[in-house]
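Step one of this worksheet: look at the structure below.
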Amino acid sequence: MGILKSDEESGIKNCVPQYKIIISPTDYLPLDVYEHTQLEIGFGNGEFTVQYAKLNPEIFLYGVEISQSCVLRCARRAAGLDNLKIINTDARYMLRELFADESLEKIIMQFPCPWPGNGNAHRRVTARDFSNGLAAVLKVGGVFEMVSDDEDYSREVWRVLGSHEAVIPENFFTNPERAITTKYERKWLEQGKNIFSLTFRKTKEFTVPRRTSQEMHIKIKNQITQDDVAALKNISGKDENKKSFWRFGKNFTDGERFLLETLTSDDEFEQKFYINISPRDEGFLIRLDKTSSAFLTPAVRSALNDAANKLIK
């Protein structure tokens, strides 16, 4: 997950408005909950997001977007808003990690990719992991709203998500009147293309296990040299289910401490960060570096354990 710090924190003028902070996972897990908290997933350039926040000052809106360039464009559009916070991460994996059960009264998705082909089924809204996450974080009575220009995909979502044990399908409209539209939506309507709006309501309590944790330190008692750390370069590993992957890269040192570049993937949720290897008492402490904006997912925990095991003499 990327983090864009405020002007004050980064020291760079006009980076993004000061209040527009992409939050650190180690500081906010789960996120703050307000009386009226809503979420938009995949907000693109933020045109709808900013208008929606302006028209609904009584709610606090979170926006999740995987593209950093889209995050920057949305942040710049949002000047003057204090009821919007933007998160740069992959909602497909992180929705249930960021938000506690029953914390959102509404989740919105505008024109999500239909991800055609059987090989992409796990990326769709209909994927069980994602629909379970939606069902967990919505309040009972809360609403999931999806808008799409793809009729086949809309009907697939209506059928599959509508059969979830904690969610019921409520409305399926074609070309509904909407208070806020984007320029692409207006263009498609002018071309005679249909727009489909689907709403679902959560009807009962539902939960899912979380996969991340907030802290992990490993203490080893032997001494470590730069050659020991350098020997880890290009070493990789996978879990037994082949859903978690990690690989070590270059290392950096000030002669005493070491930073080990690491890439991990959890079911295609990728993170790049540094493992900090620092002297502690008569040994070394291995942990995530404080500058790294990584969630402690299964792959990250496995990478820390693997590095520690390989450094033990």
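The values are calculated or read from the model by the stated rules, or taken from the named source; none is laboratory data. For clarity, every value in this text was computed on a predicted model and none was experimentally measured. Every residue, glycine as well, gets a Cβ built from its backbone with ideal geometry; the counts of neighbours run over all protein chains shown.
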Exercise. Does A79 fit the bill of being at negative phi, not in a helix (DSSP H, G or I) and not aromatic (F, W, Y)?
Worked result: yes
Exercise. T291 is checked against (1) of a type in the set (S, T, Y); (2) exposed (fewer than 14 other Cβ atoms within 10 Å of the Cβ); (3) modelled with pLDDT of 90 or more and fails just one. What number does that condition carry?
Worked result: (3)
For this session: Taking G119 as meeting all but one of (1) touching a strand residue (DSSP E or B) at 6+ places or on another chain (Cβ under 6 Å); (2) within 23 Å of A299 (Cα to Cα), write down the number of the exception.
Result: (1)
Exercise. Can you pull out the residues in the stretch 82-130 that are among the basic types (K, R), surrounded by 21 or more Cβ atoms within 10 Å (Cβ to Cβ) and farther than 27 Å from K272 by Cα?
Worked result: none
Exercise. Is one or more of the residues making up the stretch 294-309 without any contact (Cβ under 8 Å) to a residue 40 or more places away in the chain, under 22 Å from A91 (Cα atoms) and not aromatic (F, W, Y)?
Worked result: no
Exercise. If you check G80 against the conditions, is it farther than 22 Å from E270 by Cα and without any contact (Cβ under 8 Å) to a residue 12 or more places away in the chain?
Worked result: yes
Seminar exercise, completed: For the stretch 183-198 the number of residues that are buried (at least 17 other Cβ atoms within 10 Å of the Cβ), over 23 Å from V50 (Cβ atoms) and of a type in the set (S, T, N, Q) is 0
For this session: Output the strands (runs of 3 or more DSSP E) that fall wholly within the stretch 228-272 and possess 3 or more residues being at pLDDT 95 or above, over 23 Å from the mean Cα position of the chain (by Cα) and over 20 Å from G283 (Cβ atoms), or say none.
Result: 244-253
Exercise. When the residues of the stretch 23-47 are filtered to those that are of a type in the set (S, T, N, Q) and over 13 Å from the mean Cα position of the chain (by Cα), which remaining residue is modelled with the lowest pLDDT?
Worked result: T26
